[in-house]
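Step one of this worksheet: look at the structure below.
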């Protein structure tokens with residue numbers, strides 16, 4: 001199966017995933033590249049860029065340095081700005097050019113930390129993986145190094161279960177109210193929210209993550225962080241997003257059960273595609289798509305739902321009938337064999353010549369970016385099934 005894309009774009013890349021995950025945490029984030037990666041992130045992948053300050057920098061890699069190296073200039077620039085801005089941490093990683101140069105980011109990070117005394121992370125990036133790969137590294141890095149070991153947990157207010165939300169970035173949830181709706185879900189479910197990784201909470205709040213009883217992984221970006229916190233604090237986790245009424249109720253029940261027995265759970269584990277009814281295909285990120293399938297099945301009675309996932313699935317949300325697609329030809333084949341497709345509108349071009357297949361537009365910030373942000377719904381929480389039902 002060819003992996004080249006002719007008619008559809010790529011998802012936001014791993015560099016953007018790192019920047020998005022760390023954006024609000026007060027760190028110095030430095031991409032090693034000439035210019036393009038930062039401009040792409042700022043103009044297409046980061047809706048907070050014009051409203052919220054963040055120390056996201058580009059190194060300004062020159063052709064001369066790309067050919068001959070000169071890591072000293074990169075290190076000197078990072079150390080200078082770190083001493084000037086006093087960030088909470090430093091993160092260094094590179095573009096495809098830096099990868100081809102063989103830049104030793106581990107060594108670069110070691111030298112920067114030794115010279116400026118600020119915790120410095122390095123991340124493995126290529127610009128060829130999706131945002132999920134980058135955000136996973138970033139969240140896991142913060143959890144592993146900056147969340148303190150042990151310590152006394154503050155008592156929960158009113159005996160409520162305490163939770164962290166893991167994997168919350170605008171790339172999956174945009175800035176249309178879904179992050180706020182996740183907080184509302186915790187409140188209405190009777191949970192005390194310790195920290196949200198990482199929209200709306202500063203680094204100090206995230207460093208309290210060990211006080212939680214259960215972690216809720218709401219996107220694929222949050223799984224590695226959940227596993228780090230499980231090793232460090234013994235905190236169990238559940239995976240799922242409260243998309244619609246049924247998923248919200250089921251996810252709340254799973255959190256309560258996991259707090260009692262410590263067993264990890266995944267929303268929709270038993271939601272295999274039924275054989276009857278119209279064949280619906282959902283194209284998108286695995287945790288959201290699986291949670292949307294739960295909504296379709298339990299709120300709207302649409303049981304024959306298959307997921308075509310073009311991204312990584314670290315959470316193992318895909319079932320036997322689902323497909324981890326690797327190219328637009330495979331996506332097109334699956335879509336054309338469906339009775340209805342739910343996907344980002346930029347996928348609709350793959351149905352040319354197959355106009356008989358109904359298409360429900362559901363934009364994804366990490367795919368179509370700012371182009372269709374006005375169409376992104378508030379899909380978290382009870383009531384979304386009504387919006388979805390009208391579209392169907």
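Coordinate-derived values only; no laboratory data. Please read all numbers here as calculations on a predicted model, not as lab measurements. All Cβ positions, glycine included, derive from the backbone under ideal geometry; neighbour counts span all protein chains shown.
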Exercise. So between residue 51 and residue 261, what do we pick up on full extension, going 0.36 nm a residue minus the alpha carbon distance?
Worked result: 71.3 nm
For this session: May I ask you to list the residues of region 372-389 whose amide nitrogen lies under 17 Å from a point 7 Å from Cα along the Cα→beta-carbon direction of residue 188?
Result: 377-389
Seminar exercise, completed: Stretched fully, the stretch from residue 84 through residue 316 gains (0.36 nm per residue minus C-alpha distance, one decimal, in nm) 79.2 nm
Exercise. Is the shape of region 280-391 best called rounded, prolate or oblate, per the rule: a/c under 1.5 gives rounded, else a/b larger than b/c gives prolate, else oblate, with a ≥ b ≥ c the square roots of the Cα gyration tensor eigenvalues?
Worked result: rounded
For this session: Which order do the peptides 74-81, 196-203 take when ranked by the mean count of other beta-carbon atoms within 10 Å per residue, highest first?
Result: 196-203, 74-81
Exercise. Expressed as a whole number of Å, what is the distance separating the alpha-carbon centroids of region 1-62 and region 308-329?
Worked result: 24 Å
For this session: Place the peptides 217-224, 375-382, 52-59 in order of packing, highest mean first, counting for every residue the other Cβ atoms within 10 Å and averaging per peptide.
Result: 217-224, 375-382, 52-59
For this session: Report, largest value first, the span of the C-alpha coordinates of the chain along each principal axis, in whole Å.
Result: 63, 57, 35
Problem set entry | Within a Gaussian network of the chain (alpha carbon springs, distance under 10 Å), most fluctuating of 265, 278, 361 | 278
Seminar exercise, completed: The residues 147, 309, sorted from fewest to most surrounding Cβ atoms within 10 Å, come out as 147, 309
Problem set entry | Principal-axis tilt of helix 286-300 within the chain, Cα atoms, nearest 10 degrees | 20 degrees
For this session: Stick to Cα atoms and the Kirkwood definition of Rh, then tell me Rg/Rh for region 73-189.
Result: 1.06
Exercise. Is the shape of region 158-266 best called rounded, prolate or oblate, per the rule: a/c under 1.5 gives rounded, else a/b larger than b/c gives prolate, else oblate, with a ≥ b ≥ c the square roots of the Cα gyration tensor eigenvalues?
Worked result: rounded
For this session: Give me the Kirkwood hydrodynamic radius of region 254-319, using the inverse of the mean 1/r over all pairs of distinct Cα atoms, in Å to one decimal.
Result: 12.5 Å
Seminar exercise, completed: Computed over the chain: longest principal axis from alpha-carbon atoms vs helix 244-261 long axis, angle to nearest 10 degrees, is 60 degrees
Seminar exercise, completed: The helix 131-145 Cα axis meets the longest alpha-carbon principal axis of the chain at an angle in degrees, between 0 and 90 and rounded to 10, of 60 degrees
Exercise. Once label points are set 7 Å from the Cα along Cα→Cβ at both residue 374 and residue 230, what is their separation, rounded to one decimal in nm?
Worked result: 4.3 nm
Exercise. Spin-label point model (7 Å from Cα, Cβ direction): what's the residue 392 to residue 356 distance in nm?
Worked result: 2.2 nm
Exercise. Once label points are set 7 Å from the Cα along Cα→Cβ at both residue 128 and residue 114, what is their separation, rounded to one decimal in nm?
Worked result: 3.1 nm
Seminar exercise, completed: Length gained if residue 104 through residue 253 is fully extended, taking 0.36 nm per residue and subtracting the Cα-Cα distance, is 49.0 nm
Exercise. By average Cβ neighbour count within 10 Å, what is the ranking of 177-185, 255-263, 112-120 from highest down?
Worked result: 177-185, 112-120, 255-263
Problem set entry | Antiparallel bridges, percent of DSSP beta bridges restricted to region 280-391 (to nearest 5) | 0 percent
Problem set entry | Cα-only Debye scattering, region 14-129: base-10 log of I(q)/I(0) at q = 0.20 Å⁻¹ | -1.09
